[in-house]
Amino acid sequence: MMNSLQRKQPPVFPVERVIIPEVQSLNLKNGVPVYLINAGTEDIMRLEIIFRAGQVRERLPLLSSTTNMMLSEGSQNYTSEEMNRLIDYYGTFLNLSPEKDLAGAVLFFLSKHIEKVLELTRELIFRPLFPEPELNALMKKRLRWFLVNKEKASNQAIDKFFESSFGKLHPYGRQLTEKDFESMNPSIIREFHSEYYTPDNMTLIISGKIHPRTTELLNHYFGEIASVKKQKKDPEIKIRGKASKEIHIVKDGAVQTAVRIGSPTINKRNPDYPGLKILNTILGGYFGWRLMKNLREEKGFTYGIGSAVSSLNLSGYKVISTEVSPKNCSQTIDEIFNEIRLLQNVPVSADELAVVRNYMSGEMVRMFDGPFAIAESFRAVWEFGLDNSYYQKLSEKILKIDPDEIIELARTYYNIDELYQVTVGPNEKEVS
């Protein structure tokens with residue numbers, strides 16, 4: 001009886017419809033947009049403060065991320081020690097989040113502490129001091145992290161991939177040097193903060209079991225700050241990738257070769273993006289993907305290989321990532337290109353497409369499972385000027401895409417001649 005049960009596959013129930021929750025929107029007195037997701041049963045709230053103050057805005061490397069990381073290092077009314085002690089005392093989790101396009105902070109806290117948390121957040125966001133001793137300590141620590149991480153083949157590979165794909169002068173392709181860590185000083189950071197950490201450049205996303213006084217308190221702590229309207233247009237920066245598509249960095253003594261293959265591509269604003277996400281899932285976006293079956297399960301070349309399609313404000317990018325034995329590197333790359341060619345010429349079977357549909361529909365259900373997940377999903381489309389209707393289109397595309405469309409997408413967006421091929425490992429000529 002037990003053996004019979006063990007051999008019986010549990011029933012599969014396909015996801016027929018993904019429910020996309022609505023998000024309530026309002027504006028504070030000074031025009032700051034606020035998005036509210038009132039859901040959940042526990043008295044916990046999540047507050048995300050977002051500024052378009054990411055890496056693309058900085059005039060010096062590290063300026064955006066350093067400004068953001070220094071926000072909790074003391075304000076007009078609290079020293080760094082006092083601020084961090086109060087954050088801990090009120091059970092608040094704080095995550096400062098500098099990114100390529102955006103910067104800001106995420107806070108999780110008990111609803112009953114909302115007033116004190118908002119008061120501390122105002123200090124953190126709008127009244128930081130950027131003290132020099134703390135800045136110097138931070139830069140020394142970041143330099144140590146940089147020196148350690150730059151020795152890793154995987155980091156060298158992805159850095160060189162971005163530099164090669166976007167160009168050395170593009171904010172997505174610009175790479176750090178040791179000298180960049182010496183250029184930060186409080187006056188430069190204060191200037192960047194005063195320009196970009198302003199109410200007219202600010203958005204709030206709040207989720208959880210919303211406190212009844214939330215709107216009133218937001219207006220008190222943030223809505224009365226004067227908003228100086230400044231036009232902060234997205235920079236228009238051309239992508240100037242390297243002419244050579246094959247780049248190898250010699251790393252003597254490396255046990256494995258890091259491989260990154262890909263190129264810039266469309267982002268979420270393009271109507272083809274949902275289809276491209278489905279194509280990526282088939283190629284390398286979940287554990288049953290083709291690259292994993294070929295290079296791990298059948299050939300044993302790698303422990304793991306996957307592909308990703310990511311959306312940034314100025315562009316998107318797609319990349320295939322793995323680490324392999326140097327002697328198998330050339331064959332691994334050949335097999336990756338073979339898998340791409342199959343997608344360009346051979347229709348995906350009905351069985352494989354059904355598995356992918358179920359997997360992606362299940363992932364979409366997970367993306368809206370609870371108020372905090374809803375907030376993160378909304379934020380992921382809001383930054384592109386979209387709303388949750390994007391997910392409705394994605395859900396429909398998952399259910400309706402056909403093999404012919406997948407072939408067309410593969411031919412359009414995975415032209416092998418346009419893919420950058422970055423490897424970091426031993427000298428290929430010395431590998432037997």
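Within segment 199-210, the only residue that satisfies the criterion of being buried (at least 19 other Cβ atoms within 10 Å of the Cβ) and assigned to a loop (DSSP other than H, G, I, E, B) is ILE210. In this structure, THR281 does not satisfy being assigned by TED's automatic domain parsing to the domain that holds ASP404 and in contact with a Cys (Cβ under 6 Å, 6 or more places away or on another chain). Scanning segment 144-170 for residues that are over 22 Å from LEU419 (Cβ atoms) and assigned to a loop (DSSP other than H, G, I, E, B) yields LYS150, GLU151, LYS152.
Hey, any hits in segment 401-416 for a residue that's touching a strand residue (DSSP E or B) at 6+ places or on another chain (Cβ under 9 Å), crowded, with 16+ Cβ neighbours inside 10 Å and within 21 Å of ASN270 (Cα to Cα)? Within segment 401-416, one or more residues are touching a strand residue (DSSP E or B) at 6+ places or on another chain (Cβ under 9 Å), crowded, with 16+ Cβ neighbours inside 10 Å and within 21 Å of ASN270 (Cα to Cα).
Matching residues to (1) surrounded by fewer than 22 Cβ atoms within 10 Å (Cβ to Cβ); (2) closer than 21 Å to ILE158 by Cβ; (3) in contact (Cβ under 8 Å) with a residue 60 or more places away in the chain:
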site: ARG240; (1), (2), (3): yes, yes, yes
site: LYS245; (1), (2), (3): yes, yes, yes
site: HIS248; (1), (2), (3): yes, yes, yes
site: ASP252; (1), (2), (3): yes, yes, yes
site: THR257; (1), (2), (3): no, yes, yes
site: GLY262; (1), (2), (3): no, yes, yes
site: ASN267; (1), (2), (3): yes, yes, yes
site: ILE282; (1), (2), (3): no, no, yes
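Checking each residue in segment 350-372 for being of a type in the set (Gly, Ala, Ser) and either under 18 Å from PHE287 (Cβ atoms) or modelled with pLDDT under 95 (or both) picks out ALA354, SER361, GLY362, GLY370.
Look through segment 35-56, keep the residues that are among the β-branched types (Val, Ile, Thr) and more than 22 Å from the chain's Cα centre (by Cα), and return whichever of them is farthest from GLN392 (Cα to Cα). The selected residue is ILE44. Here GLY385 clears all of (1) outside any helix (DSSP H, G or I); (2) surrounded by 15 or more Cβ atoms within 10 Å (Cβ to Cβ); (3) under 18 Å from the mean Cα position of the chain (by Cα) except the condition numbered (2). The set of residues from segment 67-116 being of a type in the set (A, V, I, L, M, F, W, C) and either part of a helix (DSSP H, G or I) or not assigned by TED's automatic domain parsing to the domain that holds LEU129 (or both) comprises MET69, MET83, LEU86, ILE87, ILE114. Scanning segment 263-313 for residues that are aliphatic (A, V, I, L, M) and under 26 Å from GLY167 (Cα atoms) gives ILE266, LEU276, ILE305, ALA308, VAL309, LEU312.
Out of curiosity, is GLU246 modelled with pLDDT under 95 and among the acidic types (Asp, Glu)? Taking the combined requirement at face value, the residue does not satisfy it. Residue under question is TYR273, and the condition is that it be of a type in the set (Phe, Trp, Tyr) and modelled with pLDDT under 95; does it hold? Considered against the rule, which asks whether it is of a type in the set (Phe, Trp, Tyr) and modelled with pLDDT under 95, TYR273 comes out as no. If the condition is being in contact (Cβ under 8 Å) with a residue 24 or more places away in the chain and among the charged types (D, E, K, R), then segment 141-155 contributes only ARG142. Anything in segment 36-75 that is more than 18 Å from VAL117 (Cβ to Cβ) and polar (S, T, N, Q)? List them, or say none. Answer for segment 36-75, where residues must be more than 18 Å from VAL117 (Cβ to Cβ) and polar (S, T, N, Q): THR41, GLN55, SER64, SER65, THR66, THR67, ASN68. Looking only at residues in segment 300-334 that are farther than 21 Å from TYR414 by Cβ and among the charged types (D, E, K, R), the one that is surrounded by the fewest Cβ atoms within 10 Å (Cβ to Cβ) is LYS327. The set of residues from segment 154-177 being within 23 Å of VAL255 (Cβ to Cβ) and crowded, with 19+ Cβ neighbours inside 10 Å comprises GLN156, ALA157, ASP159, LYS160, PHE161. The numbered conditions (1) β-branched (Val, Ile, Thr); (2) under 14 Å from ASP272 (Cβ atoms); (3) outside any helix (DSSP H, G or I) are all true for VAL422 except (2).
The values are calculated or read from the model by the stated rules, or taken from the named source; none is laboratory data. Nothing here was measured: the structure is a model prediction, and the numbers come from that model. Heads up, the Cβs are rebuilt from the backbone with ideal geometry, glycines too, and the neighbour counts pull from every protein chain shown.
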